[in-house]
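*Asks:* This structure is in structure tokens; I'll ask about it shortly.
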């Protein structure tokens with residue numbers, strides 16, 4: 001039954017894909033990576049390997065809730081404000097810290113960090129989204145998403161498997177890249193590879209989807225890497241216990257649960 | 001079985017659209033080709049940048065490649081989740097003096113923290129075992145944290161109703177908006193730990209209290225009841241030198257303050273309230289406190305002992321985003337109830353305290369925070385009239401500007417911060433530089449200093465000018 005459903009979906013999307021514009025492609029990518037389902041939950045293992053092969057590991061749990069209950073591309077119904085709750089488990093110096101983000105579409109995100117040893121709820125002033133997420137090679141923006149209207153999108157090529165899309169920032173001064181290229185898997189809209197280029201056309205950064213699984217009908221990246229060619233550093237993120245439409249409550253994303261981690265939801 | 005069916009589904013996923021759109025099926029070589037494949041036709045497009053010819057391999061899951069099993073061992077949460085660290089910390093005074101201990105800090109510390117979630121409640125325990133060579137007392141005193149055991153927390157948390165949280169037992173409590181400046185946070189601080197160079201986390205001393213939190217759509221209420229007064233771990237001369245008004249000079253181990261601390265259960269109690277909510281993305285709060293000055297703020301003329309006079313505090317705060325940064329403001333009215341008229345020169349006057357702060361990320365990983373802080377004595381005229389002529393008079397207003405610069409570098413392994421408080425009215429300052437470096441997931445180093453200066457020995461920071469120190473720490477996270 002599930003296979004049949006998948007097949008039906010495939011034929012439908014496959015037929016529709018023939019006429020997709022680049023805007024529709026990047027919207028589907030955006031939805032697939034950041035907005036699937038009403039909410040989501042995953043455990044993340046992160047391994048950061050520097051140029052000398054030294055490893056650092058992080059373990060955290062991410063909860064996400066979308067304000068919109070639609071996944072529809074039409075009218076950008078899927079796109080909405082989101083709330084994220086990140087609970088750190090490892091290493092010891094960040095254990096039990098919690099990070100709360102209210103992601104807005106038209107203004108800076110609100111971010112809070114809870115430090116359990118001090119029982120302190122700190123508000124984070126950082127506005128630069130293209131800085132490291134918890135010391136990894138992923139940027140904050142890679143984890144929470146980048147607004148589509150911040151870039152111009154151009155479909156370079158369509159291959160058997162991929163849409164190849166070039167994204168050029170509208171405000172080049174606000175970012176470190178000159179453009180980035182996405183290899184988007186046509187059937188799933190997963191960006192299998194994202195390459196970042198500087199102004200002299202050198203690729204200096206590359207994200208890869210290393211493993212994909214279909215979870216509750218949603219194609220989901222379960223393992224991803226980010227490589228920084230300048231520093232020689234690489235981060236691999238592995239997702240586990242992924243679940244969509246958990247039924248997370250809005251109140252979970254508040255000071256109450258920063259101070260008192262929602263153990264049941266974090267499992 | 002589940003795995004098999006999804007694998008089949010995925011196989012179909014690739015077979016079908018190919019057949020349907022009459023494209024060639026995925027070449028077997030694409031999945032595990034060691035050489036990049038050039039799709040036909042791509043070479044004929046001269047305007048395409050070089051490098052496009054290399055198409056990424058399909059990830060497992062989108063190809064028929066089986067997903068390699070990740071190492072998630074030790075992932076299943078144990079019943080008791082335990083963390084901790086082992087740390088050695090050593091400090092040196094800038095100048096050794098006979099009113100100071102040999103070292104500000106010379107300790108080895110093991111912290112163990114454990115928690116367990118049961119169905120309807122959870123248990124949290126955190127305890128430090130330490131040997132501090134500079135301590136005069138090695139027998140544990142749970143109230144003051146002295147000795148080889150410092151019990152940081154031991155509490156249970158439960159929710160009798162969906163909109164009620166209760167935390168009962170020993171706990172660290174913090175609220176308010178200041179950065180190392182506390183107006184409406186009347187929970188105990190450990191000023192000794194702070195001044196002698198322990199980790200920032202030790203600025204907070206535990207409370208033995210009941211915290212009741214009520215949540216609703218219109219506002220949230222925190223009520224903290226401490227059945228027996230929990231004082232600060234205040235500067236008493238034993239670990240750091242201070243200005244002794246009786247002696248008219250800076251004193252330390254030669255004149256350790258003796259106190260009369262309110263100690264009766266349920267009558268010498270404290271109550272602290274916070275009513276708060278969000279207005280859009282601004283956080284607003286009202287506060288109330290009834291208890292005692294947390295550090296000695298009075299003296300008994302007969303015994304000469306220091307006192308903790310009665311105190312009530314009312315206040316408010318606000319915090320939110322402004323111009324790409326975070327702005328905060330906090331105000332408090334300190335009602336010194338044992339000296340309501342201000343006529344008793346031996347007991348602190350009532351005060352108003354006001355704080356304004358703004359934090360902004362200047363460039364990536366470099367943050368600047370500014371604070372303006374003022375305190376004002378409210379019965380200054382009567383204070384001056386009643387002050388014995390020999391004693392130096394405090395100013396009515398004390399104004400401070402403060403700054404903190406924080407820089408994250410080397411993939412966030414290095415945190416460099418500089419914290420400053422400077423009083424424009426008393427012309428004294430406090431400087432707190434710190435470097436923290438995480439070598440790996442376990443090892444970290446810290447190097448820091450505490451530097452005080454004042455033209456007068458009796459001003460707020462001036463009195464600590466003998467305490468300049470530098471410290472290093474090495475920590476292993478478990």
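Readers should treat all values here as calculations from the given coordinates under stated rules, not as data from a laboratory. A quick note: this is a predicted structure, and the numbers were derived from the prediction, not measured. Note that each Cβ is placed from the backbone with ideal geometry, even for glycine, and that neighbours are counted across all protein chains shown.
*Asks:* Pop a pseudo-label 7 angstrom from the Cα along the beta-carbon direction at both residue A:251 and residue A:104 and give the gap in nm to one decimal.
*Replies:* 2.5
*Asks:* Quick one: grab Rg to one decimal and Dmax as a whole number for segment B:140-184, Cα atoms only, in Å.
*Replies:* Cα-based Rg and Dmax for segment B:140-184 come out at 14.6, 40 Å.
*Asks:* Additional query: Can you give the FRET efficiency to the nearest 0.05 for residue B:413 and residue A:155, using r as the Cβ-Cβ distance and R₀ = 41 Å?
*Replies:* Computed FRET efficiency for residue B:413 and residue A:155: 0.55.
*Asks:* For residue B:116 and residue B:442 in the same chain, what is the full-extension length gain: residue separation times 0.36 nm, less their Cα-Cα distance, in nm?
*Replies:* 115.0 nm
*Asks:* Enter the mean number of other protein chain beta carbons within 10 Å of the beta carbon of each residue in A:158-171, as an integer.
*Replies:* Average neighbour count from other chains, rounded to a whole number: 3.
*Asks:* What shape does segment A:92-169 have by the C-alpha gyration tensor, where a ≥ b ≥ c are the square roots of the eigenvalues, rounded means a/c under 1.5, and otherwise prolate means a/b greater than b/c and oblate the rest?
*Replies:* Prolate is the answer for segment A:92-169, as a/c is 1.5 or above and a/b outweighs b/c.
*Asks:* Ok, one more. Any idea what the relative contact order of segment B:131-224 is, in percent, if you count C-alpha pairs under 8 Å spaced at least 6 apart?
*Replies:* After rounding, I find 22 percent.
*Asks:* Taking only the alpha carbons of the protein assembly as shown, what extent do you get along each of the three principal axes, in Å, biggest first?
*Replies:* 101, 53, 44
*Asks:* To continue, here is another question. How large are Rg and Dmax for chain A when calculated on the C-alpha trace, in angstrom?
*Replies:* In order Rg, Dmax, the Cα atoms of chain A give 18.5, 56 Å.
*Asks:* OK, next. Just from its helices, what would the mean residue ellipticity at 222 nm be for chain B, if runs of 4 or more DSSP H residues each count -39500 (n - 2.57) and the sum is divided by every residue, rounded to the nearest 500 deg cm²/dmol?
*Replies:* Result for chain B: -2000 deg cm²/dmol, rounded to the nearest 500.
*Asks:* In what sequence do B:163, A:182 fall when counting other Cβ within 10 Å, fewest first?
*Replies:* Neighbour counts put them in this order, fewest first: B:163, A:182.
*Asks:* Tell me whether segment B:83-477 comes out rounded, prolate or oblate; compute the Cα gyration tensor, take square roots of the eigenvalues as a ≥ b ≥ c, and use a/c under 1.5 as the rounded threshold.
*Replies:* rounded
*Asks:* Given R₀ = 45 Å, FRET efficiency for residue B:158-residue A:70 by Cβ-Cβ distance, to 0.05?
*Replies:* Computed FRET efficiency for residue B:158 and residue A:70: 0.75.
*Asks:* Let me see the pair-distance distribution of segment B:134-292: every alpha carbon pair, 10 Å bin width, integer percents in order.
*Replies:* Cα pair-distance distribution for segment B:134-292, in percent: 10, 33, 34, 16, 6, 1.
*Asks:* What angle do you read, to the nearest 10 degrees and between 0 and 90, between the alpha-carbon axis of helix B:2-20 and the longest principal axis of chain B?
*Replies:* 50
*Asks:* May I ask you to order B:241-249, B:192-200, B:286-294 by the average number of other C-beta atoms within 10 Å around their residues, highest value first?
*Replies:* Most protected by this proxy first, the peptides run B:192-200, B:286-294, B:241-249.
*Asks:* For chain A, what is the mean residue ellipticity at 222 nm derived from helices alone (per DSSP H run of n ≥ 4: -39500 (n - 2.57); sum divided by total residues; nearest 500 deg cm²/dmol)?
*Replies:* -4000 deg cm²/dmol
*Asks:* In Å, what Kirkwood hydrodynamic radius results for segment A:143-204 from the alpha-carbon pair distances?
*Replies:* 12.2
*Asks:* Using the per-residue mean of other Cβ atoms lying within 10 Å as a proxy for protection, in what order, highest first, do the peptides A:112-119, B:415-422 fall?
*Replies:* A:112-119, B:415-422
*Asks:* Please work out whether segment B:144-219 counts as rounded, prolate or oblate from its C-alpha gyration tensor, where a ≥ b ≥ c are the square roots of the eigenvalues and a/c under 1.5 means rounded, while otherwise a/b larger than b/c means prolate and anything else oblate?
*Replies:* Cα axes put segment B:144-219 in the oblate bin.
*Asks:* When Cβ neighbours within 10 Å are restricted to other protein chains, what is their mean count per residue of peptide A:54-62?
*Replies:* Whole-number average of other-chain Cβ neighbours for A:54-62 is 2.
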